[in-house]
Amino acid sequence: MRFFKLSAIACVAAFGVATAAEAQATKVGIGISGWTGFAPLTLAAKAGIFEKNGLDVTIKKIPQKDRHLAIAAGDIQCAATTVETWIVWNAAGIATKQIFQLDKSYGADGLVVRNDVKAIADLKGKTVAASAPGTAPYFTLAWFLKKNGLTLKDVKIVNMEPGPAAQAFLAGQNDAAVTYEPYLSAVREKPEAGKIIATTLDYPMILDTFGCTPKFLEENPKAAKALADSYFQALEMIEKDKDKSFEIMGADVKQSGEAFGKSAAYIRWQDKAANQKFLSDEIFRFSDEAAAILLEAGIIKQKPDIKAIVDDRFVK
């Protein structure tokens with residue numbers, strides 16, 4: 001009888017441990033920047049959406065030029081970045097897969113120039129501030145120049161991150177700069193310093209996605225689905241309570257809710273329906289054109305298998 005009681009107690013204890021283990025949130029590190037388009041991820045963290053969905057998320061602000069290094073080192077398992085950047089990372093041997101789309105830039109990324117520059121073609125021989133090769137601003141510059149008959153070799157590039165690039169431009173440094181919201185608005189507000197000569201309204205080529213390592217996706221498919229669902233739920237929260245959501249997201253980048261709202265006007269977050277459409281077709285057509293420009297610019301040596309770096313299971 002005593003043996004039975006001990007066995008029963010042991011079984012209950014074991015069951016309790018198993019239940020606790022099952023209930024334990026999946027830990028995941030996510031690398032992002034202060035880009036307005038990524039802000040719903042911050043909202044999902046601050047508003048407890050990730051936690052509610054069984055995730056223990058740590059968001060780390062890591063410059064885009066270093067984000068793949070953090071993935072390779074195992075410091076983070078997932079990241080947010082532009083579609084072409086995933087091409088660059090995979091071409092460099094950093095295996096990752098995109099699992100959902102975050103946003104599309106509608107004027108939130110742009111090229112700012114001095115007021116005497118009349119056209120992008122006039123930048124030949126001039127100095128342009130842009131992030132390092134393999135980043136979205138560098139790719140933006142390559143894209144804009146190509147569409148106007150120039151290449152990266154036609155300008156002098158100073159590698160600066162988007163925030164410092166905008167600040168330097170406003171301080172009178174460099175002839176031009178590639179930056180994005182919320183920093184682009186700083187130039188909008190000081191027309192005497194220069195002007196925005198082109199944005200993604202003119203050249204729609206900044207598409208942001210969220211992705212993770214194949215190892216993380218293979219070992220944590222439920223968590224991957226929860227990440228996608230959390231993002232979509234954050235968008236629903238924005239729709240229901242825009243003011244509160246903007247305050248939370250703005251505070252993360254030291255903006256008021258009102259100022260954040262102005263920055264957000266230049267992007268379009270992508271819901272589940274938009275994701276299903278994008279990941280079934282558009283992402284592949286865009287990636288092919290992006291890869292061609294990356295090859296021409298010497299940013300990648302060979303094009304990776306585009307279909308192998310997209311996994312649409314988690315938006316279905």
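A short reminder: the numbers here are calculations on the coordinates, not readings from a lab. Everything numeric here is computed off the predicted structure, so don't read it as measured data. Don't worry about glycine lacking a Cβ; one is built from the backbone with ideal geometry, like all the others, and counts go over all protein chains shown.
Of L43, L201, N174, whose Cα points farthest to the positive end of the dipole of the chain (charges on the beta-carbon: +1 Lys, Arg; -1 Asp, Glu; origin at the Cα centre)?
Going by the charge dipole, the pick is L43.
If packing is taken as the average count of other Cβ atoms within 10 Å, what order do 106-114, 171-179, 139-147 fall into, highest mean first?
106-114, 139-147, 171-179
Based on alpha-carbon centroids, what's the gap between segment 133-164 and segment 27-77 in Å, whole number please?
Each part reduced to its Cα centre gives a spacing of 26 Å.
Dimensions of the chain along principal axes (Cα, Å, largest first)?
94, 44, 32
Would you work out the Kirkwood radius for segment 113-168? I mean one over the mean of 1/r across all pairs of different Cα atoms, in Å.
For segment 113-168, the Kirkwood estimate is 11.4 Å.
Starting from the Kirkwood Rh over alpha-carbon pairs, what translational D in µm² s⁻¹ does segment 25-108 have by Stokes-Einstein at 37 °C and 0.692 mPa s?
Reported coefficient: 244 µm²/s.
Name the helices (complete DSSP H segments) of the chain with a Cα length along the long axis of 24 Å or more and a Kyte-Doolittle mean of at least 0.5, or state none.
Span-like helices in the chain: 2-23.
Apply the Kirkwood formula to segment 181-273: the hydrodynamic radius equals the inverse of the mean of 1/r over all pairs of different alpha-carbon atoms; give it in Å with one decimal.
15.8 Å
So if I place +1 on the C-beta of Lys and Arg and -1 on the C-beta of Asp and Glu, and nothing else carries charge, what would the dipole magnitude of segment 109-199 be about its Cα centre? I want it in debye, nearest 20.
300 debye
Toward the positive end of the charge dipole of the chain, about the Cα centre and with charges on Cβ (Lys, Arg +1; Asp, Glu -1), which of A142, A223, Q270 goes farthest?
Of A142, A223, Q270, it is A223.
Using label points projected 7 Å from each Cα along Cα→Cβ, tell me how many nm separate A259 and A308, to one decimal.
The modelled label-to-label distance comes out at 4.5 nm.
Suppose every K and R has +1 on its Cβ and every D and E has -1 on its Cβ; what is the size of the dipole of the chain about the Cα centre, in Debye to the nearest 20?
For the chain, the charge dipole is close to 400 debye.
For F100, list long-range residues whose amide hydrogen, built 1.01 Å from N in the peptide plane, is under 5 Å from its own amide hydrogen.
Close amide H contacts, sequence-distant or interchain: F210.
Per DSSP helix of 4 or more residues, -39500 (n - 2.57); summed, then divided by the residues of the chain. What does that give at 222 nm, rounded to the nearest 500?
Helices in the chain give a 222 nm mean residue ellipticity of -13500 deg cm²/dmol.
Taking amide hydrogens as modeled 1.01 Å from N in the peptide plane, which residues meet the under 5 Å criterion relative to I76, leaving out close sequence neighbours?
I71
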